[in-house]
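Q: The structure that follows is given in the form of structure tokens.
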Amino acid sequence: TSPRTQWWRDAKFGMFVHFGPYSWWGGEYRRVDGTLCTDAEWIKLRCEIPWPEYEAAARKFNPSRFDADEIARLAADAGQKYVVITSKHHDGFAMWPTRTTSWNLRDHAGFQRDLLAELKRASERRGIRFGLYYSINDWHDPDVAGDPAVYKQRLREQLRELVTTYRPATLWFDGQGQSWWTLRDGDELQTYLRSLDPALIINDRVTKSRFVDGDHETPERHQNIPQAPLDAVAWEACVTTSNRWGWTRYDTAFKPSSQLTRFLTDIAGRGGNMLLNVGPDDLGRIPAGAQQSLRGVGEWLRSHGQA
Ligand code: JFZ
């Protein structure tokens, strides 16, 4: 409970946004033999899409309907106090115009706008803090397999760009469970990031995860409600509005606001934060069902004097 993390612990409720070239596929990949393979942000790996094909699709990725003002307004209406958007997911595609690789939204897809800058501006204008998700693992970068030391240097440079350009309030790491990513790498990265911005809030997946492999799984994980951690440990449950993180055409079962409100009060009541995910579609629009669920949570919060 340090003053540095006070705003985050007070925030209780944030918006998670999974958006990238995987969204272009809408969760469906038609194999050459005509069969359909479905996934979401893991579609490249799970459906074994060849890189040339995935890269060609990413060129067509054109999120022209991404409306940062609308997203920030939705978050504000829902009672959310921070947003965390994917700057780079496991497919390695950078959603900002990085100098470290052309595998990014501007150079590869030819999309000129800077969506991260737009969302930061729109959010902060509404008093909502801006945060970034970043995947340590990177399926696209050849140095991950070839020379991890070179990749780690590039990763550091990407994060330097992100922290100095967008000044995120929080960094949400993921994809840390690779043998080449050691506890020491995570510690060193954390120290480096704090040298760039001492106020940064960084999640535990920079090095380790609360969840460890064992002999059995704990069912809470699948409901996205982790067991209550030790007292005074800051924690955050991530939950998605539907059943997937990235947008898919088939995933239309949005959780009703009553369910999301129960999750939120349960999590907040046990001292945690809830990071509630939306997956914008191929053009960048938040699905109507997700919008409706979010607004319902906001209405409940307001009717109980909580927002
Ligand atoms: C990871 C990603 O692989 C996934 O695509 C998504 O971004 C999600 C938010 O994070 O998936 C995980 C990682 C860890 C756990 C569950 C899903 N876990 O520890 O239970």
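The values are calculated or read from the model by the stated rules, or taken from the named source; none is laboratory data. For clarity, every value in this text was computed on a predicted model and none was experimentally measured. In this analysis, Cβ positions are derived from the backbone assuming ideal geometry, glycine residues included, and neighbour counts consider all displayed protein chains. Ligands, DNA and RNA are stripped out before the accessible areas are found, and what is left, the full protein with its side chains, is counted by its heavy atoms. Shrake-Rupley method; radii C 1.70, N 1.55, O 1.52, S 1.80 Å.
Q: Please give the contour-minus-distance gain from Arg184 to Glu53: 0.36 nm per residue of separation, less the Cα-Cα distance, rounded to one decimal in nm.
A: Separation in residues times 0.36 nm, less the Cα-Cα distance, equals 43.5 nm.
Q: Let me ask something else about it. Might you tell me the accessible area per residue for region 40-191, computed with a 1.4 Å probe and given in Å²?
A: In whole numbers, region 40-191 has 41 Å² accessible per residue.
Q: Under a crude label model (7 Å from the Cα following the beta-carbon direction), how far is Gln6 from Arg121 in nanometres?
A: 3.1 nm
Q: Report Arg167's accessible area, 1.4 Å probe, all protein chains in place, as a number in Å² to the nearest 10.
A: Arg167 exposes around 110 Å² with every protein chain in place.
Q: To check you understand DSSP bridge types, tell me what percent of the beta bridges within region 1-128 (both residues inside) are antiparallel, rounded to 5.
A: Bridges in region 1-128 that DSSP calls antiparallel: roughly 45 percent.
Q: Oh, and also: Quick check: at a probe of 1.4 Å, how many percent of the accessible area of the chain sits on carbon and sulfur atoms?
A: 48 percent
Q: Using the Cβ atoms and a cut-off under 11 Å, what net charge is assigned to the surroundings of Ala78, where Lys and Arg are +1 and Asp and Glu are -1?
A: Numbers: positive: Arg73, Lys81, Arg295, Arg302; negative: Asp77, Glu299.
It works out to a net charge of +2.
Q: For Val17, enumerate residues with amide H under 5 Å from its amide H, sequence gap 5+ or separate chain, H modeled in the peptide plane.
A: Here the answer is Val84, Ile85, Thr86, Val278, since their amide H atoms fall under 5 Å of that of Val17.
Q: Sticking with this one: Size of the dipole of region 30-186 about the Cα centre, Lys and Arg at +1 and Asp and Glu at -1 on the beta carbon, nothing else charged, in debye to 20?
A: Details: 24 positive and 23 negative charges, 115 e Å.
Around 560 debye, computed over region 30-186.
Q: Grab every C-alpha pair in region 73-203, bin the distances at 10 angstrom width from 0 up to the longest one, and report whole percents.
A: Histogramming region 73-203 at 10 Å steps yields 12, 43, 34, 10, 1 percent.
Q: May I pose another question? Whole-Hz ³J(HN,Hα) for each residue in region 90-95, computed from phi via Karplus 6.51 cos²θ - 1.76 cosθ + 1.60 with θ = phi - 60°, x for glycine and proline: what do you get?
A: Taking θ as phi minus 60°, the curve returns 4, 6, x, 6, 7, 8 Hz for region 90-95.
Q: Using the Karplus equation 6.51 cos²θ - 1.76 cosθ + 1.60 (θ = phi - 60°), what ³J(HN,Hα) coupling, rounded to whole Hz, does each residue of region 106-116 give in order, writing x for Gly and Pro?
A: Result, rounded to whole Hz: 7, 6, 8, 8, x, 8, 7, 6, 10, 5, 5.
Q: Ok, one more. In whole Å, what are the extents of the chain along the principal axes defined by its C-alpha atoms, from largest to smallest?
A: 52, 46, 43
Q: Further question: So which lysines can Lys44 reach, going by Cα to Cα under 19 Å and dropping same-chain residues fewer than 8 places off?
A: The reachable lysines, counting only those whose Cα sits under 19 Å from Lys44, are Lys60, Lys88.
Q: Taking a cut-off of 25 Å, what percent of all Cα-Cα pairs in region 1-135 are separated by more than that?
A: 35 percent
Q: To continue, here is another question. Per 0.36 nm of contour for each residue apart, how much would the distance between Gln112 and Asn62 grow if the chain were fully extended, relative to their Cα-Cα spacing? Could the numbers behind the result be given before it?
A: Values: separation 50, 0.36 × 50 = 18.00 nm, distance 0.99 nm.
Answer, rounded to one decimal: 17.0 nm.
Q: Report, by chain and number, residues whose modeled amide H sits under 5 Å from the one on Asn104, excluding near sequence neighbours (fewer than 5 apart, same chain).
A: Ala94, Ala109
Q: Something else about it: Mark the label point 7 Å from the Cα of Gln259 along Cα→Cβ and return the residues of region 270-307 whose backbone N is within less than 19 Å of it.
A: Answer for this model: 274-280, 287-301.
Q: Provide the percentage of antiparallel DSSP beta bridges, counting only those with both residues in the chain; round to the nearest 5. Numbers along the way, then the final one.
A: Values: 4 of 33 bridges.
Percent antiparallel among DSSP bridges in the chain is about 10.
Q: Between Gln292 and Asp143, what length in nm is gained on full extension when 0.36 nm per residue of separation is reduced by their alpha carbon distance? Mind showing how you got there, number by number?
A: Working: separation 149, 0.36 × 149 = 53.64 nm, distance 4.27 nm.
Result: 49.4 nm gained on full extension.
Q: Taking a Cβ-Cβ separation under 4.7 Å as the criterion for a possible partner, which cysteines of the chain have none?
A: So far as the 4.7 Å Cβ criterion goes, Cys238 stand without a partner in the chain.
Q: Dipole of the chain (Lys/Arg Cβ +1, Asp/Glu Cβ -1, origin at the Cα centre): which of Gly92, Leu74, Cys47 lies farthest to the positive side?
A: Highest projection toward the positive end goes to Leu74.
Q: To the nearest 20 debye, what charge dipole does the chain have about its Cα centre, counting +1 at the Cβ of each Lys and Arg and -1 at the Cβ of each Asp and Glu?
A: My answer is approximately 960 debye.
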